[in-house]
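Have a look at the structure below, then the notes.
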Amino acid sequence: MTGFQELGGKAVVLDRANVDTDQIIPKQFLKRIEKTGFGKFLFYDWRYKAEGVPNEEFVLNKPENQGATILIANENFGCGSSREHAPWALLDYGFKAVIAPSFADIFKQNCLKNGILPIVLQEEEVKLLIAKGKEKAMILHIDLVEQKVTNHEGFKATFPISDYWKTMLVNGWDEIEITLQLDDKISAYEQANNL
Amino acid sequence: MGKSIVDKIWERHIVHKEAGKPDLLYIDLHLVHEVTSPQAFSGLRMKNRKVRRPDKTFATMDHNVPTINRQQIDDQVALNQMTTLEKNCREFGIELAGIDSPEQGIVHVIGPELGLTQPGKTIVCGDSHTSTHGAFGALAFGIGTSEVEHVLATQTLWQSKPKTMKLEINGVLANGVTAKDVILYVLANYGIKFGTGYVIEYCGDVIKNLSMEERMTICNMSIEGGARAGLVSPDETTFSYLRGRKHVPKGEIFDQYVENWKSLASDEDAEYDKVIEIDGSDIAPMVSWGTNPSMTAKVDGSIPTEAECATELEKESLARALAYMGLKEGQKIQDIKIQHVFIGSCTNSRIEDIRAAAEMVKGKQVHPGVRALVVPGSQFVKRTAEEEGLNRIFEEAGFEWRDAGCSMCLSMNADVVPSGEHCASTSNRNFEGRQGAGARTHLVSPQMAAAAALNGHFVDIRNLNKVEVL
Ligand code: SF4
């Protein structure tokens with residue numbers, strides 16, 4: 001994973017609450033054994049009608065939303081199944097950040113581990129972004145170091161992130177590598193507990 | 001101040017602690033299945049890493065195995081996933097209950113059954129229903145594939161301590177009200193994110209009186225309320241379930257284990273970040289009518305109306321759910337007709353569930369036009385049921401009797417509900433498309449599912465002697 005300090009790009013609005021990971025990537029696509037190539041199946045049942053015909057009504061299929069890298073959604077995004085195929089699909093499609101008033105726990109972790117930024121903003125702030133984003137395509141700028149989301153029209157909001165994850169993402173560190181440096185401690189724990 | 005069971009398990013598992021970081025926790029048991037593991041093993045291979053403790057890792061295949069004609073697997077992509085797991089287990093030295101193993105089954109059914117699940121353990125699996133194992137007083141939660149790789153390589157995980165919630169259910173459950181109804185009632189009243197950021201400890205008289213199978217049903221659906229883990233302090237019920245199981249020590253060592261397990265139970269004066277109290281006597285048999293598990297009503301109730309919605313968002317969600325489900329606001333639950341019945345999944349496929357359902361269908365017939373399936377949670381459950389003659393009860397009533405697997409819980413294999421049709425299902429998720437594109441799922445207890453199979457619609461099993469059962 002490569003580290004980053006800021007992100008910028010087109011934001012697309014998915015004005016739904018409780019979007020579960022079954023919707024983000026339906027189960028028929030979980031049989032693959034790779035991490036890549038899931039982007040074309042993202043939101044499959046919403047994005048396509050029967051027999052794979054694109055549903056033109058769906059936000060991701062609108063011409064003005066092509067090339068979006070930031071997804072804005074409503075509360076409890078990513079609930080349900082722990083499938084990491086959900087962030088893999090978002091990433092493969094091109095999303096680098098998701099903004100919502102709240103996320104499900106496992107999904108949030110899964111995003112962080114794949115370098116997708118799950119940004120929690122206040123409900124009012126998300127509402128504002130959703131309203132604006134529905135009017136016309138919107139460019140957002142995200143500063144991870146400063147923990148800020150801004151745009152050229154004066155929108156400005158701050159988001160929380162733990163120092164731990166900020167450091168990991170900025171540096172693009174591999175968590176396993178870091179843990180393996182603590183190998184002695186793990187062995188000591190195993191010995192002390194007869195494991 | 002006293003400690004809760006979560007505090008105690010947490011403290012005992014800290015390998016490394018450092019300000020500004022999550023704690024590094026030791027993982028006692030890592031369960032692995034075919035769908036969420038292949039990329040983790042590839043990751044290890046790419047970096048030339050080993051599995052640190054294959055002896056604390058156990059694998060099975062459950063999600064996309066066929067539940068019929070197992071020798072002949074047509075789905076090549078699914079087959080590839082299964083053989084990949086076999087290969088990975090062989091290469092990394094992990095014990096596997098493969099498709100032909102007498103121990104094969106849904107990962108959350110076989111863990112407890114084999115005695116791998118024990119009080120005080122930290123247990124993880126690349127599956128959100130790992131919370132099931134919390135019924136034994138273990139801290140058990142679902143993880144993503146990156147975390148699976150991390151646990152394989154290090155036998156640890158970086159975790160921030162979650163908040164704790166005490167969910168106390170007192171009183172007595174009415175006849176016909178099951179553990180499944182308890183958890184559906186909780187979700188109907190508190191929604192699908194009340195548990196986000198928490199570990200839920202279930203307690204109170206109702207929980208104390210439940211069997212291990214019933215406790216598992218409740219802990220299983222903690223994640224449906226947003227909680228990564230849910231647990232119950234271990235007690236005599238827990239110990240007697242575990243005694244004599246394959247991976248549980250015997251004799252004197254068992255007694256020593258029990259002493260240690262007893263010390264894990266939450267102290268009387270333990271403090272929690274949140275407390276919820278529920279009156280068990282208010283719970284009725286529950287039926288979900290919508291597209292998430294909180295969209296659930298009592299069987300003698302009806303679907304809410306738009307006028308009852310508190311917010312715009314709720315109104316929209318109701319409209320969207322009703323459009324998907326092909327139902328109307330205010331419609332009576334008992335008027336919903338069903339075409340499919342699925343008795344199975346890690347929520348309700350244990351021997352007690354199968355027995356309870358068999359009791360309902362004994363000597364009766366499945367309603368014409370209903371297709372009904374019983375999929376035992378493990379091959380062990382299947383054999384036990386067959387020894388008791390339960391398979392014959394089901395088959396004579398017109399049910400199909402299958403091999404163990406996740407089956408129609410998520411319909412990754414060939415067990416699918418056709419678009420637009422309604423299924424009374426003992427599983428845990430009624431999301432859009434969960435049981436097949438356009439499929440309409442209603443979550444219920446095994447008894448309610450069985451009664452629905454006989455009647456072609458939902459019936460209040462509390463009044464069964466008054467209902468004309470076909
Ligand atoms: S039975 Fe359903 S919920 Fe349980 S592990 Fe299998 S797919 Fe997941």
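When you scan the range B:6-23, do you find a residue that is under 27 Å from the mean Cα position of the chain (by Cα), under 18 Å from residue A:189 (Cα atoms), touching a residue at least 40 places away in the same chain (Cβ under 8 Å) and within 12 Å of another protein chain (Cβ to nearest Cβ), even just one? Yes, the range B:6-23 contains a residue that is under 27 Å from the mean Cα position of the chain (by Cα), under 18 Å from residue A:189 (Cα atoms), touching a residue at least 40 places away in the same chain (Cβ under 8 Å) and within 12 Å of another protein chain (Cβ to nearest Cβ). Regarding residue B:67, is this residue open to solvent by less than 10 Å² (accessible area, probe 1.4 Å) and at negative phi? Answer is yes for this residue. In the set (1) more than 14 Å from the ligand (Cβ to nearest atom); (2) surrounded by 24 or more Cβ atoms within 10 Å (Cβ to Cβ); (3) within 14 Å of chain A (Cβ to nearest Cβ), the condition left unmet by residue B:338 is number (3). For the structure I just gave you, tell me whether residue B:126 is farther than 23 Å from residue A:162 by Cα and within 14 Å of the ligand (Cβ to nearest atom). Yes: the conditions hold for residue B:126.
Taking the listed residues B:404, B:424, the one that is more than 12 Å from every other protein chain (Cβ to nearest Cβ), more than 22 Å from residue A:83 (Cβ to Cβ) and among the hydrophobic types (A, V, I, L, M, F, W, C) is B:424, with no other qualifying. Residue B:202 meets each of the listed conditions (1) surrounded by fewer than 24 Cβ atoms within 10 Å (Cβ to Cβ); (2) under 24 Å from the mean Cα position of the chain (by Cα); (3) more than 14 Å from chain A (Cβ to nearest Cβ) apart from (1). If you check B:28, B:55, B:62, which single one turns out to be touching a strand residue (DSSP E or B) at 6+ places or on another chain (Cβ under 6 Å) and at pLDDT 95 or above? None of the other options fit; the residue is B:28. Residues of the range B:352-374 that are open to solvent by 10 Å² or more (accessible area, probe 1.4 Å) and within 16 Å of the ligand (Cβ to nearest atom): B:353 alone.
Of the strands (runs of 3 or more DSSP E) lying entirely inside the range B:215-326, the ones with 1 or more residues being closer than 30 Å to residue B:9 by Cβ and more than 23 Å from the chain's Cα centre (by Cα) are found at B:274-279. Of the helices (runs of 4 or more DSSP H) contained entirely in the range B:7-121, those carrying at least 2 residues that are within 16 Å of the ligand (Cβ to nearest atom) fall at B:76-92, B:107-113.
Comparison of A:170, A:126 shows that the only residue that is under 17 Å from the mean Cα position of the chain (by Cα), open to solvent by less than 20 Å² (accessible area, probe 1.4 Å) and not basic (Lys, Arg) is A:126. The numbered conditions (1) closer than 14 Å to residue A:90 by Cβ; (2) more than 9 Å from every other protein chain (Cβ to nearest Cβ) are all true for residue A:48 except (1). In the range A:94-114, the qualifying residues are those that are touching a Pro at 6+ places or on another chain (Cβ under 8 Å) and outside any helix (DSSP H, G or I), and the one that is nearest to residue B:144 (Cα to Cα) is A:114. On the given criteria, is residue B:188 closer than 21 Å to residue B:266 by Cβ and at pLDDT 95 or above? Criteria not met by residue B:188.
Among all positions in the range A:67-78, there is at least one residue which is of a type outside the set (S, T, N, Q), surrounded by fewer than 16 Cβ atoms within 10 Å (Cβ to Cβ) and at pLDDT 95 or above. Per this entry, residue A:135 is not counted among residues that are more than 16 Å from the ligand (Cβ to nearest atom), open to solvent by 40 Å² or more (accessible area, probe 1.4 Å) and at pLDDT 95 or above. For the range A:87-106, the count of residues that are of a type in the set (Val, Ile, Thr) and without any contact (Cβ under 8 Å) to a residue 40 or more places away in the chain is nonzero. Checked against (1) more than 11 Å from chain A (Cβ to nearest Cβ); (2) buried (at least 24 other Cβ atoms within 10 Å of the Cβ), residue B:127 passes all but condition (1). Mind listing just one residue for me: the one in the range B:147-173 that is out of contact with any Ser or Thr (no Cβ under 7 Å at 6 or more places or on another chain) and open to solvent by 40 Å² or more (accessible area, probe 1.4 Å) and, of those, nearest to the other protein chains (Cβ to nearest Cβ)? Ranking the qualifying residues of the range B:147-173, first place goes to B:160.
If you check B:76, B:72 for being surrounded by fewer than 15 Cβ atoms within 10 Å (Cβ to Cβ), more than 14 Å from chain A (Cβ to nearest Cβ) and farther than 30 Å from residue B:234 by Cβ, only one passes: B:72. Search the range B:205-234 for residues being away from chain A (no Cβ under 14 Å) and without any contact (Cβ under 8 Å) to a residue 60 or more places away in the chain, and hand back the single one that is surrounded by the most Cβ atoms within 10 Å (Cβ to Cβ). Looking at residues that are away from chain A (no Cβ under 14 Å) and without any contact (Cβ under 8 Å) to a residue 60 or more places away in the chain, I get B:207. On the stretch given as the range A:70-84, residues that are farther than 17 Å from residue A:60 by Cα and either within 8 Å of another protein chain (Cβ to nearest Cβ) or charged (D, E, K, R) (or both) total 8. Kindly indicate whether residue A:60 is more than 14 Å from every other protein chain (Cβ to nearest Cβ), more than 16 Å from the ligand (Cβ to nearest atom) and without any contact (Cβ under 8 Å) to a residue 60 or more places away in the chain. Yes. Checked against (1) open to solvent by less than 40 Å² (accessible area, probe 1.4 Å); (2) more than 14 Å from chain A (Cβ to nearest Cβ), residue B:293 passes all but condition (2).
The values are calculated or read from the model by the stated rules, or taken from the named source; none is laboratory data. From a predicted model like this one, the values you see are computed outputs, not experimental measurements. When we count neighbours, we look across all protein chains shown, and the Cβ atoms used for this are built from the backbone with ideal geometry, even at glycine. These area figures cover heavy atoms from the full protein model, side chains too; ligands, DNA and RNA do not enter into them. Shrake-Rupley method; radii C 1.70, N 1.55, O 1.52, S 1.80 Å.
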